[in-house]
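Visitor: Quick one: the structure is below, questions incoming.
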Amino acid sequence: MSDLDPFDHVNNGAQCNLFDYGRTQYFEHLFNHHIDWMKFSYVLVHVELDFKKPVKIQDHIVCETEAYEVGHSSFKMRQYLKNAVTNDILTVCHSVIVCIDRAKNVPMNIPEADKFMLGFSF
């Protein structure tokens, strides 16, 4: 499988990888340390993408990431792949992240300190 289609557009799977990378960088910046992903308490449980404009191989792109809604054990994220030159939104990603107890493999409440770091303080 190629990362490009016959028209030199970056394919959907490759764009998903860019959003994954954007999420990992977001979390490492937020928690201010390198994360052991096998022990990390947050998992991606839902993702949807809206393809607004083609992403071309020569495009300089940025991935903007933000958390925008928090519940007891989950929060929603919004990400944008943007053309770094024109600032055009190329693809939008909406996702749901769940806090889990890794030992029991069940959802758990998001710690208040994490909510604060995510920008949600009550």
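The values are calculated or read from the model by the stated rules, or taken from the named source; none is laboratory data. Keep in mind the model is a prediction, meaning the values are calculated, not measured. Glycine also receives a Cβ, built like all others from the backbone with ideal geometry; neighbour counts cover every protein chain displayed.
Residue-by-condition table, conditions (1) modelled with pLDDT of 95 or more; (2) touching a Lys or Arg at 6+ places or on another chain (Cβ under 8 Å); (3) crowded, with 16+ Cβ neighbours inside 10 Å; (4) on the phi < 0 side of the Ramachandran plot:
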{"site": "LEU49", "(1), (2), (3), (4)": "yes, no, yes, yes"}
{"site": "ILE61", "(1), (2), (3), (4)": "yes, yes, yes, yes"}
{"site": "THR91", "(1), (2), (3), (4)": "yes, yes, yes, yes"}
{"site": "ILE97", "(1), (2), (3), (4)": "yes, yes, yes, yes"}
{"site": "ILE110", "(1), (2), (3), (4)": "yes, no, yes, yes"}
{"site": "SER121", "(1), (2), (3), (4)": "no, yes, no, yes"}
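Visitor: Being surrounded by fewer than 17 Cβ atoms within 10 Å (Cβ to Cβ), closer than 23 Å to GLN15 by Cβ and not charged (D, E, K, R) is the requirement here; does PHE40 meet it?
Guide: Yes; evaluated as a whole, the condition is true for this residue.
Visitor: Given the options PHE120, PHE116, name the one that is free of Cβ contacts under 8 Å to residues at least 24 places away in the same chain and more than 23 Å from CYS16 (Cβ to Cβ).
Guide: PHE116
Visitor: For region 102-122, name all the residues that are aliphatic (A, V, I, L, M) and not in a helix (DSSP H, G or I).
Guide: Within region 102-122, ALA103, VAL106, MET108, ILE110, LEU118 qualify.
Visitor: Which residue is nearest to TYR68 (Cα to Cα), if the candidates are limited to region 99-108 and must be surrounded by 11 or more Cβ atoms within 10 Å (Cβ to Cβ) and at pLDDT 95 or above?
Guide: Of everything passing the filter in region 99-108, CYS99 is nearest to TYR68 (Cα to Cα).
Visitor: Continuing with this model, one more query. What's the total number of residues in region 72-85 that are closer than 18 Å to ARG23 by Cβ and surrounded by 15 or more Cβ atoms within 10 Å (Cβ to Cβ)?
Guide: 9
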